[in-house]
Every structure is written in structure tokens, then in C-alpha cells.
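Single-structure report; data block below.
The values are calculated or read from the model by the stated rules, or taken from the named source; none is laboratory data. Here the structure is a predicted model, which means the values were calculated and not measured. Positions of Cβ are generated from backbone atoms using ideal geometry, with glycine treated the same way; all protein chains shown enter the neighbour counts.
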Amino acid sequence: MGTEQIISMKNVCKSYKMGTERLSVLKNIDFSVDKGEFTAILGPSGSGKSTLMNIIGCMDTLDNGTYALNGIPIHQTKEKELTSIRNHEIGFIFQNYHLIPTYTVMQNIIMPLLMRGHDRKSAETDCREIIDMLGLSERIQHKPSELSGGQRQRVAIARALCSKPSLLLADEPTGALDQSSGTEVLRLFTKLHEMGNTIVMITHDMNVAKWAQRTVRIVDGEMFEDKTN
Amino acid sequence: MRFSEILNLVRLNLIQNKFKVLLTSIGVIVGAATIVCVIAIGRGGKADVAEQFRNLNAGALDISYEQSKEKSGFSFGGSVPSSKSGDTAMPMSDRPDFSGGDFPSIGGGSIPDFSSSRSSNSSSGDRSSRSGGSGFFSEFGGGFSGLFGGSSDKKNTENITLSTDDMDDIYSSVPGLSESTITYTTKQDIYGGNIEETESYTVAGTLSDYADLSNLSMMFGDYLSDADNENKSKVCVLGYNASKNIFGSAEEAYDNIVYIDDRPYSVTGVLAEQGTVESGISADEAIFIPYATGIKYLTGSDISPTITVIAEDVNNIETVTENVKTVLAASYPNAEFTISDAGSKMEAANKSNKTLTLMLIAMASIVFIIGGIGIMNVLFVSVKERTQEIGILKAIGGSRKDILLEFMMEACCISLIGGIIGVLISFMISPVLSGLNIRMEMSATGALIALCFSLVTGTVFGFYPAWKASKLVPVEALSSE
Ligand SMILES: Nc1ncnc2c1ncn2[C@@H]1O[C@H](COP(=O)(O)OP(=O)(O)OP(=O)(O)O)[C@@H](O)[C@H]1O
Ligand SMILES: [Mg+2]
């Protein structure tokens, strides 16, 4: 128990072509996350955090190395299956929420379930509990534009949670929030962690990283420090 | 993703952009309205033709004779207007004008001259004199052909008056005929009823079966009977408009007296309104009298009747035409008769109608293509605008198929909405067009076709942008601003 690996990356490299030169963004990353861990990836701007997260989230391909998510060899998997893996295994939380502006809060939250083929009624019932927990029950018929930043981020968290993913991925979840709503979100993360969720959070802020159980540093595409808080 | 949920997303997006949807679909709106109108006009035209020719039987052959004005042999066989060989297909332009001339329907393209000069022709008007004349003329004609060396050069210089005997002759000799009748028309001065001064009307001498043959229906009374003809009774049947003009109403006209050439005729019947007809006697304006009565009191032999025979089988019309020619040639070897069949007239009319419809359809298609390109354009912009949304959908597990379907359905809905609006508009403007004297027959089929066209437009032109959207790479789509 407790040693089941959700993320297992070995020797992962990623580079971008910049004209004739190659810009190496991730250099031989070895990274693993156990089930139930709350990990922070800390690094300065441009260090390759988002690139790493896109790879973890099965949204981007890697040039070299291996990556297994829940034992699935992602580096060998086709886009069609990756779509399904994103839907089932990963809950995304973005810095700028990435809610769909034309949909209501409820519609946004149930989207991952609808994509799985659930019908509206059962999807709404399934999400009820999470919506209540995040204190959004009053807001479900509102449009994202009618909510505060903190509320929007909670909607995004609800959307990520309702599909009951094996991994929650958060890229700068507090980046667009003020101190108090940021703290609120982080407190929520702690609670979700206590409930047994596996969380990987990306941040450039030491103080935010402190909330995590474990912090990994990334500088210039190299992961060089790994300490447990 | 369930299809119903995709449709729901489409609904949410469209509601959010009502105005844009409307603007996008304008091309399709115009296209659909055009299609509905085009089909309605096409059907209207067809109905028009059917109506205009409804007094004609498809198997009807009109046989008439036109005397050539040229008395001398200066013009050879091929020249106008005497030679009309093989004249089964009649041009549309041949619209008898009843205001000036007084002819029953004649098929020939040339305009015969039957002005007052005909009174100077043979006057006794019975058959014996005609056959005598015929003998004389055939001799003359023989000399003619000897002179010019071409037996087929029929000059129509003889004065021939077709008669009931010719009709009987044709009817008994030509196989495959179901009916026959003979008519002539003449212009006569009329008074009676509300008419203060005499007015000129077309008076048609007909047999009892004319009404049936021309599909005429009665409003009051009965059509002329055989007895009327045998007794040369001074009775008449009025066309609907004629009865209204002379007596104010059809009811008033019935059983009243009309004076034709100063002799009183009792009105034994009034026809129901027939509408305008393309060919034959314009029944609404005419006065019908028994054939023999007219000859006795009005015209003498100074008539150029039309014999109408009905072929039992329309497909045999060509054989029947040839046989009629043969029978007539036996009696009048040097005359060329004008034989026109109703079927080919209708065909010609329908053909020109079809051409028009095709042209209009081509026009509508162009409108649809332009409308489709409009939709495609807007969808491309929409895909650009919503790249991030597509990225989000992909990030949370939206498949390529889901995204393709959503955008396709959006295009289809926009075009379907456009189609529906277009159809509604077409039904609204159809009274206006009808007011402009464009005959339109609106139909559910037309509306359905327009909707199908709209849908196809949406699908065809929506596919490419939708496909583009579905192909977006998730990370790139997501990071786009
Ligand atoms: N699509 C791309 N094409 C080329 N270069 C890219 C692309 N995406 C990222 N990069 C480069 O890779 C490097 C790492 O970018 P990344 O977004 O991962 O940084 P980050 O750590 O998330 O920074 P921040 O904290 O500012 O978000 C940057 O130098 C960036 O310019
Ligand atoms: Mg980043």
C-alpha cells in the first residue's frame, strides 16, 4: 500500500525547434508520483513547468524517454486513446480557469461526464455532492462571467473532480487569485488530498508550494531537487 | 458524447449568437426562398399550360385550309406561306388573336388573309358548287404542276371550304378516330340586353358535340343540340363574359334574346367561366350557334371551318395525321391543309416552361453556393474565435468526432434555420409575386426541397471548418489567445 505509482517518468526530454536551433525545454526528467501524494512543482518562469504539465496531462508528446500513467505507457499511445485517458484519469485545473463562457456553471462542470457518454440527468446528480462541497449550489445557473475569480476557480476544480480522476493537475491554480481566495483554494486542495486525491500542482511561488506534501524544483528544464516538506 | 448532448451544446451556442446566426444564414434564407418560388413558378407555369390547353384534347387534330393570296405561280413550292409540309409541331408563337380575325384555331405559323375579299368568292355555298370548283381547280392545278414540274408544289390557290361532308369522309375513312366535329367563327354585330349600340362579337358555328370536345361546361341551360342544327334554329349559347357584357349577368342572359345580324336568337345556355385559353376559340367571349344556322343566316359559304378529330390513341397521332392527309388529298389533290395537333402544342409550351424553370433553378443553386460560402466563412471565423474553447473541450476529453459533429451540426442548424425562414418568407412574398401576374403554385414539396437544399448546403460547407476544428492540437488550441 502507498507505493502504487500514478506517474512514472524516466529520462523525459522535450525540445522545440526555434528556426535552425533546438531549444531544449525538458532535459532528462525523472519524476514519479505515488498515489495519494500532493506534490508541488516549483520553478521560475520559463523553466518548463507548463511543458512538463502538458506532458503529464497527456496533451503534449515527449521527444525521448518513457512516461507511464497508472501503468499505461503514454509515450506509445495514440491521440484517440489519449483523449479518453484525459477524460478518465486526469482532472485539469488551469491558471485562468478555462471555463466555456457560453455555458452555465452546471454545464461546464458536467462536460467531462457528458463526454464519457453520460446523459445530462445522471451527470447532474453525480456532480451534486461536489458542487455542494465547493459551495457552488447557488451558482449553477450562472455564466462564468458572472462569478468572481475564486468562484470560477472552484467551478474549474468541480469540473476536474466530478470525473473522479486518478490525478488532479493544477497549473498555477492561484496565479490569478488574490491572497485570500488563493488560500481558500489551497485549503481546498489540502482537503482533497486528505480525502485521498493525488494532486500535482505547479507554481513559481515558494509560499504556495509550502502547502504541498512534497516539492520538486525545476530550473532550466532540469529537475534537480526533491525534498519532502 | 451523446448526440442529444451535442445538439444541446449547439443550441446553447446558437442562442448565444442569435444575431450572428441570422446574418450567417442570409444566403441560405435567400436561396431557400428562391427555390420555393422557383418551384412554385414552375408548377404555376405547368398549371397555366394545362389550363390554357384544357379545352384541347391531347389527341385532337385541327384541320383547316388557308387559301394562298398569290394567284400566280411566281413563287415556288418552298416559299411561305403556302407550303407547310410535315407541320405537326406547332410553334408557341401561334396564338390566334380573336380580336381581329374570326378563325377557329388554326395551327399554321402563317397569318392567312381572310379579309372582306372572300365575299367575292363562290357564293352559293353548298357542296355541289364546291365540288364543281374543285374539279375546275384540279384541272388548273394539274396544268400548274405541269408548268412548274413539281407535283408537291401545292399552291393553295383554290377556294376550298371544308364541310361536314369532309368531316364525315375523314371520320369514316381514317381508322383510330374517336370523335369529330367542325367549327367556324365569324365576326358579327350583336345587340340586345344592355347593349345600346351594336357590338362586334365572335360567333362560332358549332355542332352539338363541340362542348364535350372542348371540355366546356354549362352554367345555365344546355349546349346546342343536333335538332337545333338540323332545324337551323335561331338559338345560341353565350360565353360567360359575353353573357355578362351583354346582359349584366349569366343568370339574366339565360332564356333572353340576343340579336345577331339583326335576327333574334334565344339564349338556351350560358357557359361556365373557362378562363383564358392558348388555343381554339376563346369560349368566354364567344357566342355559339348551330353550325347550319350560321351558314343559313350569317355567312353563307363564306367560312373557313376547322375540322377537329380526336385520335383514340395519342401515340398514333402521326399515323392519323398522315391518313387524314391522304383522305383529304383524294378530294383535294392540289391543296395542302393545315393540320395541327394539340399534343405538340402543349409539348412546346411545356418545353419552354421547363427551360425557364431550369434557368431559375440554376439561379437558385448559385444563391445557395454563395450562401454556403457565407456559412463556411463565418464558421472559419468561429473556429478561430473558439480555438481556446476547442482546446478546453479536448483537454477534458472531447473527442475529434464530438468536435467535428458539434461544428457540423452548428452549420446544419444555421442553414436549416435559414431554410425555414426562407420558406416562410417565400410564402409571404408569393401573394406579392402573384399580384405581379406571376402565377405561382406553392407546394409542400417545394418547401421540403428547399429545406433539403439548405441542409445539404450546411453540411457541405460546414464540413471543412468543422474538420479543421477537430484537427486542432490540444496544447496549441488551449494556449491560443
Ligand atoms: N510551443 C512552443 N514553441 C516554442 N517554444 C515553446 C513552446 N512552448 C513553450 N516554449 C518554450 O519553452 C520554455 C518553457 O515554457 P513553459 O511554458 O513550460 O514555462 P513555464 O515554466 O510554464 O513558465 P511560466 O511560469 O511563465 O508559465 C519557454 O522558454 C518557452 O518559450
Ligand atoms: Mg506556465
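Right, B:Asn437: at positive phi and assigned by TED's automatic domain parsing to the domain that holds B:Ser454 or not? Judged against the criteria, B:Asn437 is a match.
Screening the candidates B:Ile392, B:Ile373 for the property of being assigned by TED's automatic domain parsing to the domain that holds B:Gly419, assigned to a helix (DSSP H, G or I), modelled with pLDDT of 85 or more and under 54 Å from the mean Cα position of the chain (by Cα) yields one hit, B:Ile373. Evaluate the range B:221-229: report whether one residue or more is closer than 20 Å to B:Ser304 by Cβ and in contact with a helix residue (DSSP H, G or I) (Cβ under 9 Å, 6 or more places away or on another chain). Checked the range B:221-229: at least one residue is closer than 20 Å to B:Ser304 by Cβ and in contact with a helix residue (DSSP H, G or I) (Cβ under 9 Å, 6 or more places away or on another chain). Go through (1) more than 30 Å from B:Lys18 (Cα to Cα); (2) within 14 Å of another protein chain (Cβ to nearest Cβ) for B:Asp402 and report which single condition fails. Just one mismatch for B:Asp402, condition (1). Here A:Glu79 fulfils each of the conditions (1) closer than 20 Å to A:Thr198 by Cα; (2) away from ligand 2 (no atom under 16 Å from the Cβ) apart from (1). Of the residues making up the range B:427-439, at least one is buried (at least 20 other Cβ atoms within 10 Å of the Cβ), within 29 Å of the chain's Cα centre (by Cα) and more than 14 Å from chain A (Cβ to nearest Cβ).
Does A:Asn28 satisfy the criteria of being closer than 21 Å to A:Glu222 by Cα, more than 14 Å from every other protein chain (Cβ to nearest Cβ) and of a type outside the set (Gly, Ala, Ser)?
Details: closer than 21 Å to A:Glu222 by Cα: yes; more than 14 Å from every other protein chain (Cβ to nearest Cβ): yes; of a type outside the set (Gly, Ala, Ser): yes.
It is true that A:Asn28 is closer than 21 Å to A:Glu222 by Cα, more than 14 Å from every other protein chain (Cβ to nearest Cβ) and of a type outside the set (Gly, Ala, Ser).
The set of residues in the range A:47-61 that are surrounded by fewer than 21 Cβ atoms within 10 Å (Cβ to Cβ) and more than 16 Å from ligand 2 (Cβ to nearest atom) contains only A:Thr61. B:Asp255 fulfils the conditions (1) closer than 24 Å to B:Ser304 by Cβ; (2) assigned to a loop (DSSP other than H, G, I, E, B) except for a single criterion, (1). Within the range B:177-216, if we keep just the residues that are part of a loop (DSSP other than H, G, I, E, B) and at pLDDT below 85, the residue that is farthest from B:Thr319 (Cα to Cα) turns out to be B:Asn194. Determine, yes or no, whether A:Arg86 is more than 9 Å from chain B (Cβ to nearest Cβ) and assigned to a helix (DSSP H, G or I). Spelling it out, it is not the case that A:Arg86 is more than 9 Å from chain B (Cβ to nearest Cβ) and assigned to a helix (DSSP H, G or I). Reported count of residues in the range B:331-345, each being of a type in the set (Ser, Thr, Tyr) and touching a strand residue (DSSP E or B) at 6+ places or on another chain (Cβ under 9 Å), is 2.
The set of residues in the range A:57-109 being in contact (Cβ under 8 Å) with a residue 12 or more places away in the chain and acidic (Asp, Glu) consists of A:Asp60, A:Asp63, A:Glu89.
Pull up the range A:102-118, narrow it to residues that are under 15 Å from A:Pro144 (Cβ atoms) and more than 8 Å from chain B (Cβ to nearest Cβ), then point me to the one that is surrounded by the fewest Cβ atoms within 10 Å (Cβ to Cβ). Result: A:Thr104.
Every residue, every condition in (1) in contact with a helix residue (DSSP H, G or I) (Cβ under 6 Å, 6 or more places away or on another chain); (2) over 30 Å from B:Ser4 (Cβ atoms), yes or no:
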residue	(1), (2)
B:Glu385	no, no
B:Ser399	yes, no
B:Phe407	yes, no
B:Ser430	no, yes
B:Leu436	no, yes
B:Met442	yes, yes
B:Ser470	yes, no
B:Val473	no, no
B:Glu481	no, yes
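Does at least one position in the range B:324-342 carry a residue that is within 30 Å of B:Thr34 (Cα to Cα), of a type in the set (A, V, I, L, M) and buried (at least 18 other Cβ atoms within 10 Å of the Cβ)? Within the range B:324-342, not a single residue is within 30 Å of B:Thr34 (Cα to Cα), of a type in the set (A, V, I, L, M) and buried (at least 18 other Cβ atoms within 10 Å of the Cβ). Sub-9 Å Cβ pairs linking a first residue in the range B:35-51 that is without any contact (Cβ under 8 Å) to a residue 12 or more places away in the chain to a second residue that is of a type in the set (Gly, Ala, Ser), at least 6 apart or interchain, number zero. For the range A:187-210, the set of residues classified as surrounded by fewer than 21 Cβ atoms within 10 Å (Cβ to Cβ) and either part of a helix (DSSP H, G or I) or away from ligand 1 (no atom under 16 Å from the Cβ) (or both) consists of A:Arg187, A:Leu188, A:Thr190, A:Lys191, A:Leu192, A:His193, A:Glu194, A:Met195, A:Gly196, A:Met206, A:Asn207, A:Lys210, listed by residue number.
Condition check ((1) of a type outside the set (Lys, Arg); (2) closer than 25 Å to B:Ile403 by Cβ) across all residues:
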| site | (1), (2) |
| --- | --- |
| A:Lys121 | no, yes |
| A:Asp126 | yes, yes |
| A:Gly150 | yes, no |
| A:Leu167 | yes, yes |
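The set of residues in the range A:59-83 being polar (S, T, N, Q) and either over 19 Å from A:Ala170 (Cα atoms) or away from every other protein chain (no Cβ under 11 Å) (or both) consists of A:Asn64, A:Thr66, A:Asn70, A:Gln76, A:Thr77. A:Leu136 falls short on exactly one of the conditions (1) more than 9 Å from every other protein chain (Cβ to nearest Cβ); (2) touching a Pro at 6+ places or on another chain (Cβ under 8 Å); (3) surrounded by 19 or more Cβ atoms within 10 Å (Cβ to Cβ), and that condition is (2). Could you tell me whether any residue of the range B:328-344 is among the small types (Gly, Ala, Ser) and without any contact (Cβ under 8 Å) to a residue 60 or more places away in the chain? Yes - at least one qualifying residue is present in the range B:328-344.
For the criterion of being within 12 Å of ligand 1 (Cβ to nearest atom) and in contact with a Phe, Trp or Tyr (Cβ under 6 Å, 6 or more places away or on another chain), A:Leu23 passes. Taken as a whole, the range A:26-40 holds no residue that is of a type in the set (Val, Ile, Thr), out of contact with any strand residue (DSSP E or B) (no Cβ under 9 Å at 6 or more places or on another chain) and more than 25 Å from B:Ile403 (Cα to Cα).
Here A:Lys164 passes the criteria (1) exposed (fewer than 15 other Cβ atoms within 10 Å of the Cβ); (2) away from chain B (no Cβ under 14 Å); (3) under 17 Å from A:Phe92 (Cα atoms) except the one numbered (2).
Scanning the range A:119-129 turns up no residue that is at the interface with chain B (Cβ under 7 Å from one of its Cβ atoms) and crowded, with 19+ Cβ neighbours inside 10 Å.
Consider the range B:454-481. How many of its residues are away from ligand 1 (no atom under 13 Å from the Cβ) and touching a residue at least 40 places away in the same chain (Cβ under 8 Å)?
Our first condition is that a residue be away from ligand 1 (no atom under 13 Å from the Cβ); within the range B:454-481, this holds for B:454-472, B:481.
From the residues that got through so far, the ones that are touching a residue at least 40 places away in the same chain (Cβ under 8 Å) too are B:454-455, B:457-472, B:481.
Residues in the range B:454-481 being away from ligand 1 (no atom under 13 Å from the Cβ) and touching a residue at least 40 places away in the same chain (Cβ under 8 Å): 19 in total.
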